[in-house]
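S.K.: Handing you this structure, nothing more for now.
The values are calculated or read from the model by the stated rules, or taken from the named source; none is laboratory data. All of these numbers come straight from a predicted model, not from anything done at the bench. Cβ: placed from backbone, ideal geometry, glycine included. Neighbour counts: every protein chain shown. Note: accessible area is taken over every heavy atom of the protein model, side chains too, but ligands, DNA and RNA are not part of it. Shrake-Rupley method; radii C 1.70, N 1.55, O 1.52, S 1.80 Å.
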Amino acid sequence: MNPSIDISYSLDRLNINTVNRTNQVTKTAGGKGLNVARVIHDLQGDVLATGMLGGIHGAFITSELEKAEIKHDFVTIKEETRNSIAVLHEGNQTEILESGPIVSEDEQAKFSDKFRELLDLAEIITISGSLPKGLPHDFYQQLVQAAQAHGVKVLLDTSGVSLEKVLSSQNKPYMIKPNLEELENLLEKTFSLEHLEDIQLALVEPLFKGIEWIIVSLGKEGAIAKHRDMFYRVTIPEINVLNPVGSGDATIAGFAYAMTKKLNPYEILRMCMATGMANVRERITGHVDLANVKNYFSKVEVKKSRDSLINN
Ligand code: ATP
């Protein structure tokens, strides 16, 4: 709902209170939802991106999607779509993030209508990232409810109040993918990788009841997953990291793609880990090489247990 133009500037050194010049600039159609769309497209899946875009930044994003031949159908809003700026310097990443446009009630209603129209075309919906200002905190909950009424599965990757609103409602998403920090914030607990059994235990908390799939992604440590009453420990081989940003988005893309291919739970987990890993191997955020995905798919290990998979 809140895409951005992701601008990255590379500098040898960041000098404060003076001019910094660089010719190493990238500008991409960014935000978590567009990362997911791009990776599904890289996997040769059939995907359409939607949300809200405004001003010349919005037009830039549309033209980038067209260049990449990614289908899109956005609602046009009055205020300007945001820029997110990352300055890469001396091994650091300094970011300046605009909060983005304020959406009016009329624009909200237009998007809700568009979403309902698009439900007729969709087999799976992925919802990622934060809400722009002006939209109510329960906006994702409204979308999940509408999708459910239409029999469309929702994969939800958000955090904070918008996630809490969905989880405390009657209408649960089909899948959520918190990382460890998001799980900790949600449950107000801390977890450690030395005690994976605590993470597993957390997934049976009442808050998660009714969610078919929960994947807690653990970066290079893989993931812990719960599907219905089964738990899975997913481990991945060590790989060379080029850019881990957007790996969670690639994981969602892999999961959505695997669902449309009717893969079994083991294959779904292998696929979503392989896409996350393949994203790590690319400089462009939210992008995978199909050859890497296929290679990693065969290297992911999935162990299953109804009770405790840890220590097995
Ligand atoms: P982001 O917020 O950057 O999109 P995230 O925190 O939501 O990421 P992670 O848990 O970091 O998600 O990563 C998702 C998946 O991507 C992991 O489960 C793993 O398959 C892969 N991955 C991430 N980091 C690495 C890494 N350093 N090495 C190998 N695979 C990785």
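S.K.: Among the residues of the range 277-301, what is the count of those that are under 26 Å from residue 24 (Cα atoms), within 11 Å of the ligand (Cβ to nearest atom) and either open to solvent by 10 Å² or more (accessible area, probe 1.4 Å) or in a helix (DSSP H, G or I) (or both)?
M.R.: 6
S.K.: Would you confirm whether any residue within the range 183-190 is more than 16 Å from the ligand (Cβ to nearest atom) and open to solvent by less than 10 Å² (accessible area, probe 1.4 Å)?
M.R.: no
S.K.: Further, regarding this structure: From the list 67, 78, pick out the single residue that is open to solvent by 80 Å² or more (accessible area, probe 1.4 Å), in contact with a helix residue (DSSP H, G or I) (Cβ under 8 Å, 6 or more places away or on another chain) and farther than 21 Å from residue 252 by Cα.
M.R.: 78
S.K.: If you don't mind, another one. If a residue has to be part of a loop (DSSP other than H, G, I, E, B) and either within 16 Å of the ligand (Cβ to nearest atom) or basic (Lys, Arg) (or both) to count, how many in the range 191-223 make the cut?
M.R.: Initially, the range 191-223 is screened for residues part of a loop (DSSP other than H, G, I, E, B), giving 191-195, 203-205, 209-212, 218, 222.
Retained after the next criterion (residues that are either within 16 Å of the ligand (Cβ to nearest atom) or basic (Lys, Arg) (or both)): 191-193, 203, 209, 218, 222.
The qualifying residues number 7.
S.K.: Right, next: Quick test for you: out of 162, 168, 130, pick the one residue that is within 16 Å of the ligand (Cβ to nearest atom) and either open to solvent by 20 Å² or more (accessible area, probe 1.4 Å) or hydrophobic (A, V, I, L, M, F, W, C) (or both). Give the derivation first.
M.R.: Values: 162 fails: either open to solvent by 20 Å² or more (accessible area, probe 1.4 Å) or hydrophobic (A, V, I, L, M, F, W, C) (or both); 168 fails: within 16 Å of the ligand (Cβ to nearest atom).
Unique residue meeting the criteria: 130.
S.K.: Between a residue in the range 230-251 that is more than 14 Å from residue 177 (Cα to Cα) and any residue that is near the ligand (Cβ under 7 Å from one of its atoms) and among the polar types (S, T, N, Q), which pairs come within a Cβ distance under 8 Å, given they are 6 or more apart or on different chains?
M.R.: Within 8 Å, the pairs are 243/279; 244/279.
S.K.: Kindly evaluate residue 199 against the criterion of being over 22 Å from residue 286 (Cβ atoms) and under 17 Å from the mean Cα position of the chain (by Cα).
M.R.: Considered against the rule, which asks whether it is over 22 Å from residue 286 (Cβ atoms) and under 17 Å from the mean Cα position of the chain (by Cα), residue 199 comes out as no.
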